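> Supplied in structure tokens, the structure appears directly below.
The values are calculated or read from the model by the stated rules, or taken from the named source; none is laboratory data. What you see is a predicted model; the values in this text were computed from it and never measured. Note that each Cβ is placed from the backbone with ideal geometry, even for glycine, and that neighbours are counted across all protein chains shown.
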Amino acid sequence: SSFFDHNCQHHAEVALHLRQTGKVSAYTQEFNSHACTIGLAKTPLMSLYQHGLEENVQLTVVMRNIQLTFLWMQVMALKAGQTIEGI
């Protein structure tokens with residue numbers, strides 16, 4: 001296997017196991033840094049991103065119950081995180 005294949009696999013594995021442990025903005029930035037290199041379609045990316053969020057942020061985003069694009073989901077999560085984190 002080439003270096004590129006190994007590097008892509010590494011980023012995919014990191015993205016699959018990434019969880020929010022601090023601020024939503026930090027999680028989003030780290031997620032995006034790995035997601036941009038693995039080339040998944042938007043729907044699996046949205047699912048990975050959402051499931052990595054802390055439960056209270058996930059619930060806030062899901063309760064909005066609107067058709068979300070991946071970018072809009074991240075915007076909503078960042079806003080929810082700011083509210084929850086008291087920023």
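> Is it the case, given these coordinates, that Thr28 is more than 22 Å from Asn7 (Cα to Cα) and either of a type in the set (Ser, Thr, Tyr) or in contact with a strand residue (DSSP E or B) (Cβ under 8 Å, 6 or more places away or on another chain) (or both)?
Values: more than 22 Å from Asn7 (Cα to Cα): no; either of a type in the set (Ser, Thr, Tyr) or in contact with a strand residue (DSSP E or B) (Cβ under 8 Å, 6 or more places away or on another chain) (or both): yes.
Judged against the criteria, Thr28 is not a match.
> Return the residue satisfying two criteria in turn: it lies in the stretch 1-35 and is hydrophobic (A, V, I, L, M, F, W, C) and modelled with pLDDT of 75 or more, and of such residues it is nearest to Val57 (Cα to Cα). Give the derivation first.
Going through the stretch 1-35, the residues hydrophobic (A, V, I, L, M, F, W, C) turn out to be 3-4, 8, 12, 14-16, 18, 24, 26, 31, 35.
If we keep only those that are modelled with pLDDT of 75 or more too, we end up with 14, 16, 18, 24, 26, 31, 35.
Working: Val14: 21, Leu16: 18, Leu18: 15, Val24: 8, Ala26: 14, Phe31: 15, Ala35: 20 Å.
For the stretch 1-35, the residue satisfying everything is Val24.
> The conditions are (1) touching a Phe, Trp or Tyr at 6+ places or on another chain (Cβ under 8 Å); (2) at pLDDT below 90, and Leu40 fails exactly one of them. Which is it?
All conditions are met except number (1).
> On the given criteria, is Phe70 surrounded by 12 or more Cβ atoms within 10 Å (Cβ to Cβ) and either out of contact with any Asp or Glu (no Cβ under 6 Å at 6 or more places or on another chain) or modelled with pLDDT of 90 or more (or both)? Reasoning before the result, please.
Working: surrounded by 12 or more Cβ atoms within 10 Å (Cβ to Cβ): yes; either out of contact with any Asp or Glu (no Cβ under 6 Å at 6 or more places or on another chain) or modelled with pLDDT of 90 or more (or both): yes.
Against the criterion (surrounded by 12 or more Cβ atoms within 10 Å (Cβ to Cβ) and either out of contact with any Asp or Glu (no Cβ under 6 Å at 6 or more places or on another chain) or modelled with pLDDT of 90 or more (or both)), Phe70 qualifies.
> Among the numbered criteria (1) over 8 Å from the mean Cα position of the chain (by Cα); (2) touching a residue at least 24 places away in the same chain (Cβ under 8 Å); (3) closer than 16 Å to Ala12 by Cα, which one does Ser25 miss?
All conditions pass for Ser25, except number (3).
> Which one of the conditions (1) within 20 Å of Asn7 (Cα to Cα); (2) surrounded by fewer than 15 Cβ atoms within 10 Å (Cβ to Cβ) does Met63 fail to meet, given that it meets all the rest?
The number of the failed condition is (1).
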